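The values are calculated or read from the model by the stated rules, or taken from the named source; none is laboratory data. Since this is a predicted model, take the numbers as computed values, not measurements. Note that we place each Cβ from the backbone using ideal geometry, even for glycine, and neighbour counts take in every protein chain shown.
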């Protein structure tokens, strides 16, 4: 089956030093770029993270410090990576919660411009979890009818994710889904915008979900003592909260979004 694409879509998977979006680094990235005509291009790069890889992480993905000691840093390859992903929608497995936020942190850390605005971000895991609720290994067995070999290899995982994605579209093209509000639809269709909407579980303003849109479309905090309060109101009533977040252990992208909201509120006065 050929995907119905209006522009390229890049399936990608990261292996990292850990699972902390704000502080961990990429050690390997694999990207499978699918063009509207069906052409495919795969790129896989190992990256020197600039920090030690914890043993517990190496035991999962099999990449040790010695394996990346002579590899380029993200800063060195970031511009060519951004160019490769230019005008692409993004897709992956758990990508909305992990891979995309980590990638954005690396771009921001390296001071390389990479804008998510206008891109569709399709999370294959969210389709799976909402329709079947299982893991990638089980998804591959369930949808593709064969065992996943070399799991936790970035290239094997992203090839498997792509195959699962195609099988999901085929399997659920006429399947009804009832959401929490009781609305019935057939959401899994061969359209990246529709799948973006279906796999976006929460309406995040930042990538980490620290700031979200409420049901009125207002940007509110989604953690701590100000949960549910409009960001603009909090920054007005407690100006020191902005400085606390900027100095705290929050992702760079969250800080960037917070600054944008603050500046916009000043400009509208």
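Summary of computed values
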read-out: Index of the failed condition, residue 188 passing every other in (1) in a loop (DSSP other than H, G, I, E, B); (2) modelled with pLDDT under 95; (3) touching a strand residue (DSSP E or B) at 6+ places or on another chain (Cβ under 8 Å); (4) farther than 23 Å from residue 63 by Cβ; value: (2)
read-out: Condition check for residue 193: part of a helix (DSSP H, G or I) and within 20 Å of residue 107 (Cβ to Cβ); value: no
read-out: Pairs with Cβ under 7 Å, 6+ apart, first in region 117-137 and over 30 Å from residue 82 (Cβ atoms), second in a loop (DSSP other than H, G, I, E, B) and at pLDDT below 95; value: 137/148; 137/151
read-out: Filter result (assigned to a helix (DSSP H, G or I), without any contact (Cβ under 8 Å) to a residue 40 or more places away in the chain and within 12 Å of residue 28 (Cβ to Cβ)) within region 45-66; value: 58
read-out: Filtered residues of region 26-48 (kept if over 30 Å from residue 193 (Cβ atoms) and surrounded by fewer than 22 Cβ atoms within 10 Å (Cβ to Cβ)); value: 46, 48
read-out: Residue in region 223-231 that is in a strand (DSSP E or B), assigned by TED's automatic domain parsing to the domain that holds residue 255 and either modelled with pLDDT of 95 or more or more than 24 Å from the chain's Cα centre (by Cα) (or both) present; value: yes
read-out: Criterion violated by residue 180 - all others in (1) over 30 Å from residue 24 (Cβ atoms); (2) part of a loop (DSSP other than H, G, I, E, B); (3) touching a residue at least 24 places away in the same chain (Cβ under 8 Å) satisfied; value: (3)
